[in-house]
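Working notes for the structure below.
The numbers here are math on the coordinates, done by the rules we state, and not lab data. For clarity, every value in this text was computed on a predicted model and none was experimentally measured. Cβ placement follows ideal geometry from the backbone for every residue including glycine, while neighbour counts extend to all protein chains displayed.
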Amino acid sequence: MAVSYASYLKLDELLALQQPRSPGPEHDEMLFIVIHQVYELWFKEMLHELGYLEQLLRDNDTPRALHTLKRILTVLKVMVAQIDVLETMTPLEFLSFRDRLESGSGFQSFQFRELEFVLGTKNPAAVARYAEGSEGRRRLEARYREPTLWDAFLAYLARNQYPVPAALRDRDVRRPPEPSREMQQVLITVYRTNPAVASVYGAAHHRHEAGHRRIRRGRIPRDDAQQARLP
């Protein structure tokens, strides 16, 4: 059978995944499900791109790294814009089906926690929230042991002959990056002498800070955001 648009994207399976639990069902539950499923797909794409970015940095491929950083920022903008769609749902509309979610919460998204781990915010308590042997537990345990995007950037600087302190190159990747005056001086030198490398740091730092801030502020993918807006 020839490949078609529907078969390539597995539309039959995809469009069968939206299954409201409320009686009727409540009209707005479909929007809620679609928005959060789309978030999970974007999280998957973000993890895909960040993994690629780490490899590009380790390979010292500046042009492709900048191109990938631009794509990541664009995806972040789309993710944040989805909040506007979710906020067309009033608190009362959300409460019409909220009880059907029981203890379910967007904070249980293991892909969201993976993004935090990749970007350097690692909390072992987050791993413990997932059952032994579960897919979420397995993936977070792996991410917890792996180097972060920051470590890939340090490798990139070293490839460009900058004196990255040995303590940072050999750091425990399970712990958050520590402030370093030596590293600050290296980055100042980068900004003053190498615009290409400086642009990679500027883009990566901006995307990390802005993305994490926007996601936290926007409560992505928290399912009780509407309830939080009740007077």
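Structure data summary
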| item | result |
| --- | --- |
| Residue order, fewest to most surrounding Cβ atoms within 10 angstrom, among Lys70, Lys122 | Lys70, Lys122 |
| Separation between Cα centres of segment 1-25 and segment 64-99, rounded to whole Å | 21 |
| Calculated from backbone phi, Karplus (6.51, -1.76, 1.60) coupling profile of segment 58-74 in Hz, x at Gly/Pro | 5, 8, 6, 9, 4, x, 5, 5, 5, 4, 5, 4, 4, 5, 4, 4, 5 |
| Listed residues Leu187, Leu47, Leu149, most fluctuating in the chain (Gaussian network, C-alpha, under 10 Å) | Leu187 |
| Volume in Å³ per residue [convex hull over Cα atoms, computed for the chain] | 173 |
| Label point distance in nm, Ala16-Val34, each placed 7 Å from Cα along Cα→Cβ | 2.0 |
| Among Phe112, Phe153, Phe97: highest mean-square fluctuation, GNM of the chain, C-alpha pairs under 10 Å | Phe97 |
| For segment 17-27, 3J(HN,Hα) per residue [Karplus equation, 6.51 cos²θ - 1.76 cosθ + 1.60, θ = phi - 60°, Hz, x = Gly/Pro] | 7, 8, 10, x, 9, 6, x, x, x, 4, 4 |
| Rounded to whole Hz, the Karplus (6.51, -1.76, 1.60) HN-Hα couplings of segment 113-119, x for glycine and proline | 5, 4, 4, 4, 5, 4, 7 |
| Residue among Gly104, Gly202, Gly133 with the largest mean-square fluctuation in a Gaussian network model of the chain, springs linking Cα atoms under 10 Å | Gly133 |
